[in-house]
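Read-outs: derived from the displayed coordinates by stated rules, not from any lab. The model shown is predicted, which means the values in this text are computed figures rather than measured ones. Virtual Cβ from ideal backbone geometry, glycine too; neighbours counted across all protein chains shown.
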Amino acid sequence: QKEVEQNSGPLSVPEGAIASLNCTYSDRGSQSFFWYRQYSGKSPELIMFIYSNGDKEDGRFTAQLNKASQYVSLLIRDSQPSDSATYLCAVKGGGQGAQKLVFGQGTRLTINP
Amino acid sequence: DAGVIQSPRHEVTEMGQEVTLRCKPISGHDYLFWYRQTMMRGLELLIYFNNNVPIDDSGMPEDRFSAKMPNASFSTLKIQPSEPRDSAVYFCASSLTGRETQYFGPGTRLLVL
């Protein structure tokens, strides 16, 4: 079982709709959770991070965390064609591994105009 | 700020040759990370440094790979001898203690023939 799992997609969403991206992780000791966006041929860039159960909103983006279910999600409201990219979920542990990020395979998202 | 700088941006070499990838982190950052990204395995952490000291090299695939950080502004990742399965995009990232964001460089696209 992979440590961080995502549906690889592609996920296709019409412009203006809500895109929902999901991620599960296996290490119950994980402390913090990240969503990175990667455009084709470019490097990953951080969108959001979340520590606590519940929702965290930043503009059109909402991260949701459920530690009991070991589940993280990212919602993108009012999707735009510029949101078309691969979205990487990443998890960071505590203790000695506190700086180590483990990434999922990524979900490719396409927003259709 | 110039961001994380990597060189070369592209490298094509033949099997058995030595390859050296270079990275300059963002000035003032005390963490430096080396990642490898392939279609099959996704984005994987190879090694990371804190204040120029290697902290976790458990992701380094085998003895053919080595990394150094002789000072706060420079790191190298060396592959000797290179093999076709080393073909990937290698990213360097840096971050600052207490901050969650890892800033990725543009990557080096390596092709081993």
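Applied to the range A:28-39, the Karplus parametrisation 6.51 cos²θ - 1.76 cosθ + 1.60 on θ = phi - 60° returns per-residue 3J(HN,Hα) values of 5, x, 4, 10, 9, 9, 10, 10, 10, 10, 9, 6 Hz, with x for Gly and Pro. When the range B:45-106 is described by a simple charge dipole with +1 on each Lys and Arg Cβ and -1 on each Asp and Glu Cβ, the residue from B:Pro54, B:Ala93, B:Ala72 located farthest towards its positive end is B:Ala72.
Simple point charges give the picture: +1 on the Cβ of Lys and Arg, -1 on the Cβ of Asp and Glu, and for the range B:1-92 a dipole about the Cα centre of about 180 debye.
Most simply put, chain A has about 90% antiparallel DSSP beta bridges, counting only bridges with both residues inside it.
Counting only other chain Cβ atoms within 10 Å of each residue's Cβ, the peptide A:99-106 averages 6. Toward the positive end of the charge dipole of the range A:24-113, with +1 on the Cβ of Lys and Arg and -1 on the Cβ of Asp and Glu, the farthest Cα among A:Cys89, A:Ser79, A:Val102 is that of A:Val102. Placing a pseudo-label 7 Å from each Cα along the Cα-to-Cβ vector at B:Ile5 and B:Ala72 gives an inter-label distance of 1.7 nm. Looking at chain B alone, DSSP beta bridges between its own residues are antiparallel in about 90 percent of cases.
Among the GluC sites (Glu not before Pro) in the range A:1-60, those placed in a DSSP loop whose Cβ has at most 15 other Cβ atoms within 10 Å are A:Glu3, A:Glu15. Amide H contacts for A:Ser32 (H built 1.01 Å from N in the peptide plane; partners 5 or more residues away or on another chain; cut-off under 5 Å): A:Lys92. Positive contributions from Lys and Arg (+1) and negative ones from Asp and Glu (-1), summed over other residues with Cβ under 12 Å from the Cβ of A:Lys92, come out at -2. Sequence-ordered 3J(HN,Hα) estimates for the range A:7-19 from the Karplus curve with 6.51, -1.76 and 1.60 and θ = phi - 60° stand at 6, 6, x, x, 9, 10, 9, x, 3, x, 8, 8, 9 Hz, glycine and proline given as x.
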